[in-house]
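Data first, discussion second: the structure below is written as structure tokens.
Taken together, the values in this text are just the output of simple stated rules run on the coordinates, not laboratory data. Since the structure is predicted, the reported quantities are computational estimates derived from the model, not experimental observations. Please note: Cβ atoms are built from the backbone with ideal geometry, for glycine as well, and neighbour counts cover all protein chains shown.
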Amino acid sequence: MISSRRQTLQAAGGIGLYGALVAIGVAPASDAIAQEKFNSAAFQAKSVADTIKALGATGSPTSSEIAIVAPDIAENGAVVPVGIKSSLPKTEFVALLVDKNPFPLAGAYDILPGAQAEVNMRIKMGQSSDVYAIVRADGKYYMAKKEIKVTLGGCGG
């Protein structure tokens, strides 16, 4: 009896906390809202060109104000640290694409207004490849590219 009472109180407390977070706008009201913003076409695209198209970027010019911070040679393709820094004003969105991966889109991030446009992640690369940073700033798309050589493949190679 005491065990189930404790579980009931914990569940009720969790539900109350979640309700409070929803009320102040910190947590989404349901998974449907989170799914609404998820761009499944971009994550399921099989080529860099298709991914860029699914993201809505057309004719992305290169920009020296976007930096891809990654090693030139990755010793292990299973864990490659990659960062993107954008000094473009009003950066709204950042995405990382890996050319020779089965699904090129490795990550996509919305940047809050006034936040520093810098993201870091660890990605898996099966082989040496070009990586692309796609940035949307003030409604326009920009791109940067860097080649990363992989000595030990991260996809079983």
* Electrostatic dipole magnitude of segment 45-150 [Cβ: Lys, Arg +1; Asp, Glu -1; Cα centre; debye, to 20] -> 160 debye
* Structure fact -> Here, VAL69 and ALA115, labelled 7 Å along Cα→Cβ, have an inter-label distance in nm of 1.6 nm
* Structure fact -> Kirkwood-based Rg/Rh on the Cα set of segment 45-150 evaluates to 0.94
* For segment 55-157, which GluC sites (Glu not before Pro) are in a loop by DSSP, counting at most 14 other Cβ atoms within 10 Å? -> GLU75
* **Gained length - SER128 relative to ALA49, 0.36 nm times residue gap less alpha-carbon distance** => 26.6 nm
* Using the 2.2 N^0.38 Å rule of thumb for compact globular proteins, work out how segment 100-157 stacks up: its C-alpha Rg over that value, please. => 1.33
